[in-house]
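Only the coordinates and a few stated rules stand behind these numbers; no lab work does. All values derive from a computational prediction rather than experimental measurement. Quick reminder, even Gly has a Cβ in these numbers, built from the backbone with ideal geometry, and neighbours come from all protein chains shown.
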Amino acid sequence: MSRDLAIDLGTANTLVYARGEGIVLNEPSVIALNQQSGEVLAMGHEAGKMIGRTPSHIVAVRPLRQGAITDFDITERMIRLVLQRAGVTRFNRPRTVICVPSAITAVEQRAVREAARRAGASEAHLLEQPMAAAIGAKLPIGEAVGSMVVDIGGGTSETALIALGGVVGLEAVRLGSFDLDAAIQHHVKRVHGIAIGEQTAEQVKMAVGSAWPLAEEVAAEVRGRELSSGLPRLVTITSPEIREALDETVQAMVDSVLGCLGAAPPELSQDLIMRGINLVGGGAMLAGFAERLAHESHVPVQLVAQPLESVVLGAGQCVESFDEVRDMFMHRPDRR
């Protein structure tokens with residue numbers, strides 16, 4: 001008997017929830033390919049370690065960028081590997097609920113469904129990530145009160161105001177954690193004349209990155225390749241320096257939240273003053289982001305208990321009672 005699966009197909013990470021079992025897979029959304037033979041060499045953590053370290057005939061790529069499929073064939077192959085690791089075979093074709101950004105187009109929605117079906121799913125339903133995150137965070141989405149979720153993912157930032165089981169207001173921008181990493185790379189290159197990779201930029205962000213002044217400012221050493229000489233070089237950067245580098249991207253994310261707040265009905269705005277804004281996603285864990293958002297919105301802001309898993313846990317609750325919640329899905333399966 002096939003298992004129903006919930007899949008959070010994120011730009012940064014892919015998580016899978018199996019009905020009756022919980023989260024069975026949590027891997028980076030990366031696949032390594034041999035360009036000469038077309039062979040898949042690795043996926044997930046193993047492929048992630050290869051980024052920026054491969055010979056010319058091997059590429060480690062993220063098939064999803066800014067919440068959208070950039071390469072349909074590679075995405076299909078990655079989904080197939082994900083389903084295989086979750087125990088799916090050609091004799092065991094599960095029904096799936098796939099979480100996708102609310103900002104994706106109809107063409108992108110169809111591409112996700114097609115990729116899932118070709119990879120081995122018998123049915124592929126789509127569920128918007130903000131709704132899934134609200135369910136996973138155990139917010140009272142079915143009640144006549146407003147709940148706001150801000151999901152800062154790898155490639156998109158989405159703000160949803162939810163009440164009575166539906167989305168009342170929505171704002172989305174194609175900016176996320178990877179854009180923060182890119183801002184750090186650009187800053188180090190422009191100011192210090194050093195080129196650093198994606199993984200180094202992410203480590204810098206986690207070590208000294210912030211969106212709001214810290215109680216105690218910190219510094220970190222960064223190693224990279226000096227552009228003028230091509231030789232390795234070590235520099236020291238501080239948290240105020242990186243905070244300034246991230247400011248433009250962080251402000252765009254905050255403005256998106258403020259736009260959703262500004263369009264909220266008055267009664268729901270009153271609820272938000274009492275209940276606050278809920279942050280989910282890896283990007284929301286940037287130091288000081290909650291404090292900055294609270295300062296600019298004048299609304300309490302809190303990070304949910306499981307910010308990285310909230311989306312897949314919410315979709316998992318849907319697959320636990322699959323037949324009863326079909327109306328929640330963005331699209332019914334295409335049976336052409």
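Just a few scattered comments:
- Nearest-0.05 FRET efficiency for His298 and His57, computed from C-beta distance (R0 51 Å): 0.40
- Fully extended contour minus Cα-Cα distance, from Leu231 to Asp247, at 0.36 nm per residue: 2.8 nm
- The calculated 222 nm mean residue ellipticity attributable to helices in the chain amounts to -11000 deg cm²/dmol, summing -39500 (n - 2.57) over DSSP H runs of n ≥ 4 and dividing by all residues.
- Neighbourhood net charge (12 Å Cβ-Cβ; Lys/Arg +1, Asp/Glu -1) for Ala160: -4
- Cβ-based net charge around His298, under 13 Å, with every Lys or Arg adding one and every Asp or Glu removing one: -1
- The H on the amide N of Ile277, modeled in the peptide plane, is under 5 Å from the matching H of Val301, Gln302, each at least 5 residues off or on a different chain.
- Relative contact order (%) - criterion: Cα under 8 Å, at least six apart; region: the chain: 19 percent
- Positive minus negative residues near Gly136 (Lys, Arg vs Asp, Glu; Cβ under 13 Å): -4
- Rounded to 5, percent antiparallel among DSSP beta bridges of the chain: 70 percent
- Phi angles of the stretch 259-276 translate, via the Karplus equation with coefficients 6.51, -1.76, 1.60 and θ = phi - 60°, into HN-Hα couplings of x, 5, 4, x, 8, 6, x, x, 5, 6, 4, 4, 4, 5, 4, 7, 9, x Hz per residue; Gly and Pro are given as x.
- Reachable lysines from Lys205, criterion Cα separation under 27 angstrom, eight or more residues apart if same chain: Lys49, Lys189
- Here the Gaussian network model covers the chain, with springs between Cα atoms less than 10 Å apart; of Gly197, Gly283, Gly155, Gly197 fluctuates the most.
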